[in-house]
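What follows is calculated from the coordinates using simple rules that are stated; it is not laboratory data. Please read all numbers here as calculations on a predicted model, not as lab measurements. All Cβ positions, even for glycine, are placed from backbone atoms using ideal geometry, and neighbour counts span all protein chains on display.
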Amino acid sequence: MSSQKPYFKILFFLLTALLLLFSFATGYAAMRFAPVSMKAAAVWAMPSLLAAAMAALPIVFYLCLKSGFRTFLFQIANRYCIRVFFPLILFFGERLRIERDLLIQELVQYNNKYVLRKHAGSFEPQRMLVLLPHCLQMRDCDYRVTTDISRCALCGRCSIHKFVELSRKYGVHVQAATGGTLARRIIQELRPRVIIAVACSRDLYSGLSDTFPLPVVGIFNELRHGPCVDTSVDAAKVEETIRELIKPEYVTKSFVQDL
Ligand code: SF4
């Protein structure tokens, strides 16, 4: 990822620049029409204003992120970017034949960096939810871990057993979900203040946008046997993230590498 070009960032600035350009061009046309016909001027002014707003919000978002300055405007810009601007970037990225997964991975990395910088050492473990995809479980396992992860018999054939231990060790909630609907229900019931979500790029992207404005750190699962089947995840990475986010008094000796 670090050796890969920052396509998402490039598209972010390119799209912003195009919107500004469009805004200036239509604004200029509106000014030229104004002395002749106010109606024609208004027709040009409207797209100009819309494009200006569409370009201004990502700029606000970016500047606030960089400076750490938080205003009400940042919340609006953040919401706009997640709901509108980022999907636009993905759309144009795909038209330019840039892999959607690469763009999402880059976006998730930026998101994680931001969440960890802003919220490091802030949470009680009981307010943290580690959300796992059901496909981490071996497909022939008989234990229903989606209702309760502690039903895992700890046989060690898949990553689930490590999360049972992580949950016991740190006191964080760990749940496995079969899809977005169950994930949303779990979040509604537990009302966490922060989520560590393990998923593939498609699910992580929709999860980030569904759970906004809740801080979410995304960790990709590995699809060694194809999507949705016997996937795995680096539990040490999840543990490291837990340790970064929980208050220092709850941080104890790391243990995943011993499992
Ligand atoms: S570790 Fe747990 S969930 Fe995974 S296969 Fe074994 S019993 Fe099933």
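Descriptive notes on the structure:
- Between helix 100-119 and the chain there is an angle of about 80 degrees, using the helix long axis and the longest principal axis of the Cα atoms.
- Here Y80, Y110 are placed in order of increasing Cβ neighbour count within 10 Å, fewest first, which gives Y110, Y80.
- A simple count of charges around D142, restricted to other residues whose Cβ falls under 13 Å of its Cβ and scoring Lys, Arg +1 and Asp, Glu -1, yields +3.
- Taking Cα atoms only, the orientation of helix 201-211 departs from the longest principal axis of the chain by about 80 degrees.
- Proximal aspartates and glutamates relative to K237, as straight alpha-carbon distance under 16 Å, when same-chain residues fewer than 8 apart are discounted: E165, E222, D258
- With 21 Å as the limit on Cα-Cα distance, the pairs of K118/K169; K5/K118; K66/K118; K66/K247; K5/K113 that go past it are K118/K169; K5/K118; K66/K247.
- Shape call, the chain: gyration tensor on alpha carbons, a/c limit 1.5: prolate
- Between M138 and L102, the C-beta separation translates, for a Förster distance of 35 Å, into a calculated FRET efficiency of about 0.75.
- Cα shape, the range 7-98, gyration tensor, a/c 1.5 rule: oblate
- Its relative contact order, with pairs defined as Cα atoms under 8 Å and 6+ residues apart, puts the chain at 19 percent.
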